[in-house]
Amino acid sequence: MNDSYKKLAKPYEIWLYILALFPSLIMLVLVFLDTEGINFTDASFTFGNFSQLTESSTIIAFGNSLKFALLSTVLSAILGYFVAYRLFRSKFKNKFLILTILILPMWSNILLRIEALGNVMQPNNIITDLLSKIGIHVAIDIKGSSLAVLIGLVFTYLPFMILPIYTALEKIEPSLEEASLDLGATQLKTFWKVIFPLSTKGIVTGSIMVFLPCLSGFAIPEILGSGNIVLIGNVIDQFFRNMNYNIGALLALFIMILILGAIFLVQKVDKEGETLL
Amino acid sequence: MVKCKIIFLTFTIFLCCSVLSGCNGSNTLLLLNWGEYINDEVVEEFEEKYNCVVNISIADSNELFYSKIKSGTTVYDLVVPSDYMVQKMVENDLLESLDFSKLPHYDRNNLLPGVQRIMRLMNENSPKNIDYSSYFVPYFWGTWGIMYNKNKEGLEESLNAYGWDAYFDRSKLPKGTKVGMYNSIMHSYAAVMCRNHLPFNEEKDEYISLCYDQLKAMQFDEWGTDTMKKSIAAGNLDLAFVWTGDCLDMLYSTLEDGTSYEDISFDIYIPHDTIAFMDNLVMTKAARHKELAYQFIDFMLETEHAKENASVVGYCTPYKSSYQSIVEYEGEEVWDNDWAYAVSKYYPYYEDESLYQGTPLSFFSKDYMTEITNMINNVKTGSN
């Protein structure tokens, strides 16, 4: 690549150093210290923070994070594949329009969307109000349950699954499919032997993109779980909130290592990085 | 290439410096406040009068106030911490002792008896014999209470009959009552202490296990923050421990929507043993605009300004003169009449300070806070 173009990336690189690398290093230092906030004047060296990792609430919260992240990834993959495949097969000319509609909810703020969703999950809300005026009395009351959190996670991150799968499907050479059909394979067999294996890249990329935010997120479980469902992100949030930056940093770094591992996995699968949108 | 790197480095440092130092003009007052906790019109008035800019930053916990002041990345002139955090800041030498001669509108006799009581309690529960009152000027004060849904049959009666025990014991509540706890570790800990008439300022392991048992036994339906007031008003939640000001905030907005007092579906029960708090204007030791800060504090102390300021915040003004001007309103304005009624009902005036409710929180050691945090998480995750 032309050297002068490389310079254009410099501002972002600097940005990255200041706002990502430098804070991570500070976090690494904080893990081994006992400080008051992020003030290093009265800091003392300690390994004591690590005992937090064996605390039963930390382990359960971490287990919850893994459980919700895995479940929502699997659900999103199944639902997302159907949508992407349907779109890929459709004869509709303006597929771009449909893709736009799919990402349309993302144009409004995520917290607003989640709050709104939470509202609908309670027995008294604007919809039940309107329905009761015409004599229909239906209401669901699932806010605060695991189901509510799962719905919220899938609802939020599904587009991140659809887009990479759709891109992977679109990239499949049509002649491969024709060849398979010509050689006598049935539609179903063609799908399982040709189309699906060629689209797994999209599923993997999409899975990573759904799994990571689900693993580290805390806003969705906090709101839709009514504070009853504790994920590791909530524990980190609590420690930072109460000025214990040492334990907060330790747990956050722990998650970061997992995330880096996952990104490493993506790179293994997708060397050119072409399906990463 | 080396040259290029140097240029980028200088640029970066310059950028950092300019970001960190922020607006540092001599006529800019940096105020660190809670969200929605000041009347912007009063601030504008001040800006016009003194030809300056008031730059307000927001933080949502006392602990954040503390770490922002201590780290000193931005040098704030004024902060609005609560009672226990003022104590901690004073003890860590972060606050300027105020020169009251520069605050002609400050008169200690003009403070409500309840405010004077909190000031006394602050000095009493400190082990170090410091007179904290020379470091702050009261800004707002109030209590915590149990907000409830009036439409839930039998709920009001059990609250009046059992008080705290109703909040912590489902057998004393009507069937199917949905109960919410405030999602702040300090306040949920303090709620249990209130119920058991135990002090807030002692650190004991037995208190932690007591908290664990009682919070767990209650199986709260929700651990929320300021959204709980809306849930109660909408009938999605029946009972919650919240700031009294939260309830009043909801009350005012419901009244503004045209609902009459009789039709309001919620109310608040304030037990005698509860949390009381007082937020205060304090000046940081590092403040760069001290003169302007004094002018600002004094401006906010004027009866009319304190009253205007209280009109947008659901909490109670600490000054007798402003308080009287609010509750003794005799005009025709519906809003002013409602306001007068609400303030005299929920923040009643007593000459005898022992009739006032509530105790201010105290700060805990870091280890004790970690223990409380883990205890609350154990309650929520169901582990032990």
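Within 10 Å of each Cβ of B:369-380, how many other protein chain Cβ atoms are there on average?
Working: counts 4, 10, 0, 1, 10, 9, 1, 3, 11, 6, 3, 10.
The shielding value for this peptide is 6.
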Margin query: Could you give each residue of region B:334-348 its phi-based ³J(HN,Hα) in whole Hz, using Karplus coefficients 6.51, -1.76, 1.60 with θ = phi - 60°, and x for Gly or Pro?
Written below: 4, 4, 5, 5, 4, 4, 4, 5, 5, 5, 6, 7, 8, 10, x
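Take B:Arg120, B:Arg195, B:Arg288 and sort them by solvent-accessible surface of the protein heavy atoms, 1.4 Å probe, largest at the top. Please list the in-between numbers first.
On the way: B:Arg120 100, B:Arg195 50, B:Arg288 135 Å².
Result, largest first: B:Arg288, B:Arg120, B:Arg195.
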Check: Under a 1.4 angstrom probe, counting protein chains only, how are B:Glu222, B:Glu36 ranked by accessible area, largest first?
Finding: B:Glu36, B:Glu222
Check: Say each of A:Phe47 and A:Lys91 gets a label point 7 Å from the Cα, pointing the same way as Cα to Cβ; how far apart are those two points in nm?
Finding: 7.1 nm
Checklist line | Residues with amide H under 5 Å from that of B:Ile275, placed H, sequence gap 5 or more | finding: B:Trp144, B:Thr359
Check: Residue farthest toward the positive end of the dipole of region B:229-303, with Cβ of Lys/Arg at +1 and Asp/Glu at -1: which of B:Thr303, B:Thr259, B:Leu248?
Finding: B:Thr303
Notebook entry, point to check: So who's got an amide H within less than 5 Å of the one on B:Ser57, skipping anything under 5 residues away but keeping other chains? H placed 1.01 Å off N, in plane.
Noted result: B:Leu31, B:Leu32, B:Asn33
Margin query: Counting pairwise Cα distances across the protein assembly as shown, what percent come out greater than 44 angstrom?
Written below: 32 percent
Check: In degrees between 0 and 90, to the nearest 10, how far off the longest principal axis of chain B does helix B:40-50 point, with axes built from Cα atoms?
Finding: 30 degrees
Margin query: What is the distance in Å between the Cα centroid of region B:54-95 and that of region A:160-199?
Written below: 61 Å
Checklist line | Label-reachable residues, region A:206-220, where backbone N falls under 17 Å from a point 7 Å from A:Ile78's Cα toward its Cβ | finding: A:207, A:211
Check: How far is it, in nm, from the label point at B:Val334 to the one at A:Ile142 when both lie 7 Å from their Cα along the line to the Cβ?
Finding: 4.1 nm
Notebook entry, point to check: Largest first, how would B:Leu237, A:Leu8, A:Leu253 line up by accessible area (1.4 Å probe)?
Noted result: A:Leu8, A:Leu253, B:Leu237
Check: If one computes P(r) from the Cα atoms of chain B, what percent of pairs lie at distances over 36 Å?
Finding: 28 percent
Item checked: Label-point gap, in nm, between A:Lys7 and B:Lys128 - each point 7 angstrom along Cα→Cβ -> 5.5 nm
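Return the subset of A:Lys143/B:Lys175; A:Lys67/A:Lys193; A:Lys10/A:Lys171; B:Lys68/B:Lys88; B:Lys178/B:Lys230 for which the Cα-Cα distance in this structure is over 23 Å, preserving the input order.
On the way: A:Lys143/B:Lys175 19 Å; A:Lys67/A:Lys193 31 Å; A:Lys10/A:Lys171 32 Å; B:Lys68/B:Lys88 14 Å; B:Lys178/B:Lys230 14 Å.
The pairs that break the limit, which is 23 Å between Cα atoms, are A:Lys67/A:Lys193; A:Lys10/A:Lys171.
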Check: So if R0 is 25 Å, what FRET efficiency would B:Ser171 and B:Leu210 give, r being the distance between their Cβ atoms, rounded to the nearest 0.05?
Finding: 0.85
Notebook entry, point to check: Does anyone have the angle between helix B:290-301 and the longest principal axis of chain B? Alpha-carbon axes, 0 to 90°, nearest 10?
Noted result: 30 degrees
Next item on the list: Pull out the extension gain between B:Thr73 and B:Glu203, defined as 0.36 nm times the separation in residues minus the alpha carbon to alpha carbon distance; nm, one decimal.
Entry: 43.6 nm
Item checked: Cα centroid separation, region B:328-345 to region A:77-134 (Å) -> 46 Å
Item checked: Cβ neighbours within 10 Å from other chains - mean over A:123-133 -> 1
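Other chains' Cβ within 10 Å of A:15-24 residues: what's the mean?
Values: counts 2, 0, 1, 4, 0, 0, 0, 0, 0, 0.
Going residue by residue through A:15-24 and averaging, the value is 1.
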Check: Within region B:35-49, what residues put their amide N at less than 14 Å from the label point 7 Å along the Cα-to-Cβ vector of B:Ser311?
Finding: B:39-45
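Please compute the contact order of chain A in relative form: average sequence separation of alpha-carbon pairs under 8 Å and at least six residues apart, divided by the residue count, as a percent. Don't skip to the answer; put the middle values down first.
Working: 295 pairs, mean separation 79.2, N = 277.
About 29 percent, as a whole number.
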Next item on the list: Could you tell me how many degrees, from 0 to 90 and to the nearest 10, lie between the Cα long axis of helix B:244-256 and the main elongation axis, the longest principal axis, of the Cα atoms of chain B?
Entry: 90 degrees
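For B:Ser344 and A:Leu260, what is the calculated FRET efficiency with R₀ set at 51 Å and r taken between the beta-carbons, to the nearest 0.05? Working shown, then result.
Values: r = 60 Å, r/R0 = 1.17.
Taking R0 as 51 Å, the efficiency between B:Ser344 and A:Leu260 is 0.30.
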Next item on the list: Name the most mobile residue of B:Lys229, B:Lys366, B:Lys150, meaning the one with the largest mean-square fluctuation, in a Gaussian network model of chain B with Cα contacts below 10 Å.
Entry: B:Lys366
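Among the complete DSSP H segments of chain A, which ones combine at least 18 Å of alpha-carbon extent along their axis with a mean Kyte-Doolittle hydropathy of 0.0 or more?
Values: long enough: A:56-89 (49 Å, 1.11); A:146-170 (35 Å, 1.76); A:196-216 (30 Å, 1.29); A:245-269 (35 Å, 2.14).
Qualifying helices: A:56-89, A:146-170, A:196-216, A:245-269.
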Margin query: Using only the alpha-carbon atoms, what does region A:32-269 span along each of its principal axes? Please give whole angstrom values in decreasing order.
Written below: 75, 57, 29
Next item on the list: Could you pull the accessible area for A:Phe254 with a 1.4 Å probe, rounded to 10 Å²?
Entry: 90 Å²
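The values are calculated or read from the model by the stated rules, or taken from the named source; none is laboratory data. Here the structure is a predicted model, which means the values were calculated and not measured. Counting neighbours? That spans all protein chains shown, and the Cβs are built from the backbone with ideal geometry, glycine included. The area values use the complete protein model at the heavy-atom level, side chains included, leaving out ligands, DNA and RNA. Shrake-Rupley method; radii C 1.70, N 1.55, O 1.52, S 1.80 Å.
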